[in-house]
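Shown next, in structure tokens, is the structure this report addresses.
The values are calculated or read from the model by the stated rules, or taken from the named source; none is laboratory data. Owing to the predicted nature of the structure, the values given are computational and were not obtained by experimental measurement. We place every Cβ from the backbone using ideal geometry, glycine too, and count neighbours over all the protein chains shown.
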Amino acid sequence: MTLNKDHIGGLIFLTIAVVYGYFAHDIRMFPGDQFEPFNAQTLPIALAWAGGLISLVMLATAGRSAEPKPTLVNLDFMLVGKLMVLVWLFAQALSWIGFLAATILFLLVGYWLLGERRIRTLLLASIPFAVGFWLLLAKVLDIYLAPGKLWQLVLGA
Amino acid sequence: MWDGIFTGLTTAIAPFNILMVVVGCFCGTFIGMLPGLGPISAVALMIPITYGLDPSSGIILMAGVYYGAVFGGSTSSILINAPGCSSTVVTAFDGYPLAQQGQAGKALALAAYCSFTGGTIGALILLVAAPALASVSLSFQSSDYFALMVLGLTAVAAFSGKGQVLKALLMTIFGLMIATIGTDAISGIPRFTFGNIDLIDGISFLLLAMATFALAEVVMAVLKGEHKDEDVPMDMSSLGSMKLSKEEVKQVAPTAARSSLFGFLVGVLPGAGATIAAFLAYGIERNLSPRAIKEKFGKGALRGLAAPEAANNAASTGSFVPLLTLGIPGSGTTAIMLGALIAYGIQPGPRLFVDNPEVFWSVIISMYFGNIVLLILNLPLIPYISRLLIIPRPILIPLILFFSITGVYLVSFNSFDIELMVLITVAAIFLRLLAFPMAPMLLGFILGGMMETNLSRALIISDGSLAFLWQRPLTALIMSLAVLALMLPVLGRLLGFGRLNTESMAVADKGEG
């Protein structure tokens, strides 16, 4: 039997429903809440059951589905992975080097990853944009943007 | 009602709010033009900006962006055969052939006039229908609300197309599951937080919307290697005349009027949205046309362009009816607006036009202004705005990524939100690859809190009995409609209606609208 998209989707959601249902029973309640018609566990448990049942129906009917076998050829997972890592690094950099420097680096690396190699374009499309956006936020809209722990450590400010 | 209209007019014509309409339409047009980015992404990208504005101005800006994005999508459909969003896919059927025949200017003008007609007729009906429906819904009780939300969620699944009903239902449940993360609003008990303090307030809808739409759309484009595609060259000097002859106007006027009315009605249905309205209006118009014109459909028929354009704009307006009167979003885009209104502390629903008449009426009136702005400002500027499409993808994609993540960061100033976005985006990409629609999840997430509150009230009032579902005739009627909506795809297939919708549903599954 070959797995099609519906089989995989059904299995994923069945797992989600089982795990969600397991933790739904772990939700703490106030004493006596279990005798109330509605408590903090009611909806999560109902959702876990509903999700599980629909997943099972999906798995049962997946064989008849017209959904093709998933193909992963010609998909650039490597580049997407790099971009996701870049976004994650941007999140870390924000608190260490501040918004302005993090933005410049994010844009520079982002353009580079997507194939832009001209130094002039890389710099012109990142530094003026980042500085302009930072000025708009910090000076025009008066939004406080923390300068970054690293500068505070180095400069002692 | 007239007092309300006057209040709305006063708010809508405030210079700042007019500026918001203009800015919204421009930004929306630009974002909507970018292939892959539709109204949902456009409105989601605007949310962080609206947090600094008062509710009326914020919602007016978002409504302008919505219209602009639908209009912008039409422009790229006509000029480069690359629909900016799913609701303008049909526009390309006859719009692009017209452009190839050297009549791009005429096609753009016709699209703008028909969008204007659709939007105007839609706004006028909304002006009358919304307060009437809101007055009726003032008598609604918790059980009715719960039933309405069930109807909204099942309707989304029902309209999701052949083979997609189970997937849409699963995604709706997934959205409801995500909505339970955080502190329970009724008991104050944390659920599914696993001791993480960042999850105590739950996951913000903005984060979810950005991660599953704006960010995921861009990442999907990168995944498929679309960033390497050669940009289609556009010769702006050969747009041709933007004038329509009297005969042409006579030919398309009834089409625009019919499609506007039809589009509005489809838009009102929860979950149907602009895409389905555009496809159905196109199909109906093709069937109604005389044989000579029917044969031109797909090769540059003016009616084939007028019908979807009028219908999708009227449907966009129609989708505001359930949002403003019942608090139930009619489409993915209005779901995002619902989230934004809730973030403002405004509860959309029957009390909106009593408690916040300035928001209710100014949104309706500014929709009309939005249409005027699109017609008199955007249309002449289209050749210039289109030049922005020349920005190379390797530059554009990191900028969209940056705006998406910064939009979320600037609301919470918590880098954990960006990390969570990465996780959700990765999950969204895998679900998209498995052909799971995203809009039902967002609707489930947004309606989850309200649904739980109303279910809890109804169950407590009925002492734990499920009889509340059929004791009140109104609740029973709405629940019956919900069951009917769920059965609709099965009935449709049995009765042979499936053929009509297959194509439109396939496109609508992309979730924009």
- Task: Sort through B:Ile178, B:Ile200, B:Ile186 and tell me the only one that's touching a Pro at 6+ places or on another chain (Cβ under 9 Å), among the hydrophobic types (A, V, I, L, M, F, W, C) and either more than 9 Å from every other protein chain (Cβ to nearest Cβ) or within 19 Å of B:Ile342 (Cβ to Cβ) (or both).
- Result: B:Ile200
- Message: Return the residues of the stretch A:88-118 that are buried (at least 21 other Cβ atoms within 10 Å of the Cβ) and not aliphatic (A, V, I, L, M); say none if nothing qualifies.
- Response: A:Phe90, A:Phe99, A:Thr103, A:Phe106, A:Gly110, A:Tyr111
- What's the number of the condition B:Gly28 fails, among (1) part of a loop (DSSP other than H, G, I, E, B); (2) within 18 Å of B:Ser316 (Cβ to Cβ)? (1)
- Output for Cβ contacts, cut-off 8 Å, separation at least six or different chains, first residue surrounded by 15 or more Cβ atoms within 10 Å (Cβ to Cβ) in the stretch A:1-26, second acidic (Asp, Glu), reads A:Asn4/A:Glu67; A:Lys5/A:Glu67; A:Asp6/A:Glu67
- Message: Under 7 Å between Cβ atoms, which residue pairs at least 6 apart in sequence (or on different chains) link something in the stretch A:82-106 that is under 12 Å from A:Val131 (Cα atoms) with a partner that is among the polar types (S, T, N, Q) and part of a helix (DSSP H, G or I)?
- Response: A:Ile104/A:Ser126
- Looking only at residues in the stretch B:369-382 that are touching a helix residue (DSSP H, G or I) at 6+ places or on another chain (Cβ under 8 Å) and modelled with pLDDT of 80 or more, which one is surrounded by the most Cβ atoms within 10 Å (Cβ to Cβ)? B:Gly370
- Query: Only one residue in B:Ala343, B:Ala301, B:Ala335, B:Ala311 is at pLDDT 80 or above, small (Gly, Ala, Ser) and under 27 Å from B:Ile40 (Cα atoms), so which one is that?
  - Reply: B:Ala311
- Message: Show me the helices (runs of 4 or more DSSP H) entirely contained within the stretch B:371-442 in which 3 or more residues are β-branched (Val, Ile, Thr) and within 9 Å of another protein chain (Cβ to nearest Cβ).
- Response: B:393-412, B:415-433
- Query: If you go through the stretch A:40-72 one residue at a time, how many are modelled with pLDDT of 90 or more and at the interface with another protein chain (Cβ under 7 Å from one of its Cβ atoms)?
  - Reply: 10
- Task: Write out, first by first residue and then by second, each pair whose Cβ atoms fall under 6 Å of each other, whose residues are 6+ apart or on separate chains, and whose first residue, in the stretch B:195-213, is at negative phi while the second is surrounded by fewer than 18 Cβ atoms within 10 Å (Cβ to Cβ) and part of a helix (DSSP H, G or I).
- Result: B:Asp198/B:Phe416
- Note on the structure: The condition of being out of contact with any Leu (no Cβ under 9 Å at 6 or more places or on another chain) and assigned to a helix (DSSP H, G or I) holds, among B:Ala134, B:Ala112, B:Ala123, only for B:Ala123
- Query: Looking at the stretch A:17-27, is at least one residue in contact with a strand residue (DSSP E or B) (Cβ under 9 Å, 6 or more places away or on another chain), modelled with pLDDT under 95 and within 7 Å of another protein chain (Cβ to nearest Cβ)?
  - Reply: yes
- Task: Collect the residues in the stretch B:314-332 that are modelled with pLDDT under 80 and part of a loop (DSSP other than H, G, I, E, B), keeping them in residue-number order.
- Result: B:Gly327, B:Ile328, B:Pro329, B:Gly330, B:Ser331
- Message: Take B:Ile59 and tell me if it is closer than 22 Å to B:Gln347 by Cβ and part of a helix (DSSP H, G or I).
- Response: yes
- Message: at the interface with chain B (Cβ under 10 Å from one of its Cβ atoms), at pLDDT below 95, under 26 Å from the mean Cα position of the chain (by Cα) and assigned to a helix (DSSP H, G or I): which single residue out of A:Phe106, A:Phe99 fits that description?
- Response: A:Phe99
- What do you reckon, is B:Ala82 assigned to a loop (DSSP other than H, G, I, E, B) and of a type in the set (Gly, Ala, Ser)? yes
- Could you tell me whether the stretch A:73-91 includes any residue that is over 25 Å from the mean Cα position of the chain (by Cα) and either assigned to a helix (DSSP H, G or I) or more than 7 Å from every other protein chain (Cβ to nearest Cβ) (or both)? no
- Among the residues of the stretch B:422-439, is there at least one that is under 19 Å from A:Trp96 (Cα atoms), touching a residue at least 40 places away in the same chain (Cβ under 8 Å) and not β-branched (Val, Ile, Thr)? no
- Task: Please specify each residue of the stretch B:342-361 satisfying the condition of being in contact with a Leu (Cβ under 8 Å, 6 or more places away or on another chain) and either of a type in the set (Phe, Trp, Tyr) or assigned to a helix (DSSP H, G or I) (or both).
- Result: B:Ala343, B:Leu352, B:Phe353, B:Val354, B:Val359, B:Phe360, B:Trp361
